[in-house]
Amino acid sequence: MRARLVLVALAVLAALAPAAVAQQRVTLAEIEEEVMCPVCGTLLQLAEAPQAQQQKAFIARLIEEGRSEEQIKDALVAEYGDEVLAVPEGSGFNLSAYVVPIVAFLIAAIALAIGVMRWRRAGGGPSDRGGPAGPSGEEATRLDADLARYDL
Amino acid sequence: MLAVAAIVGLLVFGLVSKGSSGVAIGDPVPDGPLPRLEGGGTESLADYRGRWVLVNFWASWCIPCREEAPALERFQRQHGGPKFTVLGIDSRDLSSDGRGFVREYGLSYPQLRDGDGDAAQDYGTTGVPENFLVDPAGKVRLLVRGPITEEYLREQVAPLLPEGKS
């Protein structure tokens with residue numbers, strides 16, 4: 001009985017496996033969001049030029065052949081060069097697209113921290129200034145008198 | 001301050017490297033190597049120094065390119081030789097479609113490939129087709145933005161070429 005159950009389970013798995021693979025297949029829409037139309041200079045998904053139509057047909061053909069997303073992008077780079085990728089690869093000079101903003105952010109954060117420290121050391125901090133002075137005795141008396149006129 | 005200068009420098013580099021203004025009449029043509037569309041290997045305009053060359057930027061998806069291709073092939077058959085050739089540059093195109101285009105129109109002149117469009121940018125093209133007549137010294141003598149016609153080839157290009165079959 002147990003052996004029969006195992007066989008049935010294996011048969012079900014075997015039947016579902018191709019469907020699962022098919023579901024993982026990348027779609028044209030997914031690729032279109034990540035590559036450029038070289039002639040239009042826009043994302044492929046926004047492009048309708050004849051060259052874009054050719055590029056879309058090429059991608060659809062590769063999907064039909066069962067190529068992975070990586071393989072399709074490699075094929076596009078081989079045809080149109082690195083600039084066909086909307087997000088540059090993280091290597092070589094393209095790495096600067098990722099590194100420069102991070103370095104710039106770190107430098108700005110450090111500069112800000114140093115600036116704040118110097119400012120506080122120079123006596124510019126709010127803690128050194130003390131709070132605003134309260135009303136003098138005469139002002140307090142006038143304030144009480146004024147408030148007393150209103151039946152609050 | 002140094003970081004700001006570095007970032008500004010990078011931005012300027014990007015603008016300068018992208019902002020090629022192209023070539024005008026009398027300018028020397030860019031002569032970086034390009035891969036052949038068929039057969040492997042590379043060629044450059046420098047390899048054609050000493051000959052008149054009609055550089056034709058085209059792509060298989062471009063309808064006007066289809067219209068001018070037969071005229072270019074006829075002109076090549078009439079004038080092509082040791083002193084003149086048409087030179088096709090297939091730009092921002094799929095190589096397989098480009099090769100199909102060459103077969104479809106029976107183009108006999110040499111064909112190079114400019115998949116990323118860098119050569120087209122160096123020439124300052126605004127699209128395809130565009131044609132540049134380059135003299136034996138490697139300088140642009142005529143420039144046609146858009147499809148070239150049989151009439152233009154006969155009246156403007158042919159008179160500049162050496163007598164007889166070039």
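Here, each number is a calculation from the coordinates, and none is a lab measurement. Because the structure is a prediction, the values reported are computed rather than measured. Neighbour counts run over all protein chains shown; Cβ positions are idealised from the backbone, glycine included.
Name the long-range amide H neighbours of A:Thr42: under 5 Å, sequence gap of 5 or more, or other chain; modelled H, no Pro or chain starts.
Under 5 Å from the amide H of A:Thr42: A:Cys37.
How crowded by other chains is B:90-97, given as the mean number of beta carbons from other chains within 10 Å of each beta carbon?
Shielding by partners across B:90-97 averages 5.
Between beta-carbons, use under 12 Å as the cut-off and find the net charge around A:Pro50, counting Lys and Arg +1, Asp and Glu -1.
With Lys, Arg at +1 and Asp, Glu at -1, the net is 0.
With a 10 Å radius around each residue's Cβ, average the other Cβ atoms per peptide and rank B:54-63, A:64-73, B:117-126, highest first.
Ranking the peptides B:54-63, A:64-73, B:117-126 by packing returns B:54-63, B:117-126, A:64-73.
From the phi angles alone, apply the Karplus equation (6.51, -1.76, 1.60; θ = phi - 60°) to the stretch B:74-89 and give each ³J(HN,Hα) in whole Hz, x where the residue is Gly or Pro.
Working through the residues one at a time gives 4, 5, 4, 5, 6, 10, x, x, x, 10, 8, 8, 7, 10, x, 10 Hz.
Please average, across the residues of B:150-156, the number of beta carbons from any other chain that are within 10 Å of each residue's own beta carbon, and give a whole number.
0
Around B:Phe84, which amide H atoms from residues at least 5 apart in sequence, or from another chain, sit under 5 Å from its own amide H, with H modelled in the peptide plane?
It is B:Trp52, by chain and number.
Can you pull the mean other chain C-beta count within 10 Å for peptide B:115-122?
Counting other chains' Cβ atoms within 10 Å and averaging over B:115-122 gives 3.
Where does chain B land at 222 nm, in deg cm²/dmol rounded to the nearest 500, when only DSSP H runs of n ≥ 4 count, each adding -39500 (n - 2.57), divided by all residues?
For chain B, the value works out to -9500 deg cm²/dmol.
Using the per-residue mean of other Cβ atoms lying within 10 Å as a proxy for protection, in what order, highest first, do the peptides B:87-95, A:107-115, B:131-139 fall?
B:87-95, B:131-139, A:107-115
Helix B:95-104 versus the longest principal axis of chain B: what angle, 0 to 90°, nearest 10, using Cα atoms?
Orientation of helix B:95-104: about 20 degrees from the principal axis.
Can you tally the net charge around B:Pro136? Count Lys and Arg as +1, Asp and Glu as -1, for every other residue whose Cβ sits under 14 Å from the Cβ of B:Pro136.
Cβ neighbours under 14 Å give a net charge of +2.
Suppose R0 equals 22 Å; then what is the FRET efficiency for A:Ile107 and A:Val87 from their Cβ-Cβ distance, rounded to the nearest 0.05?
Calculated value: 0.40.
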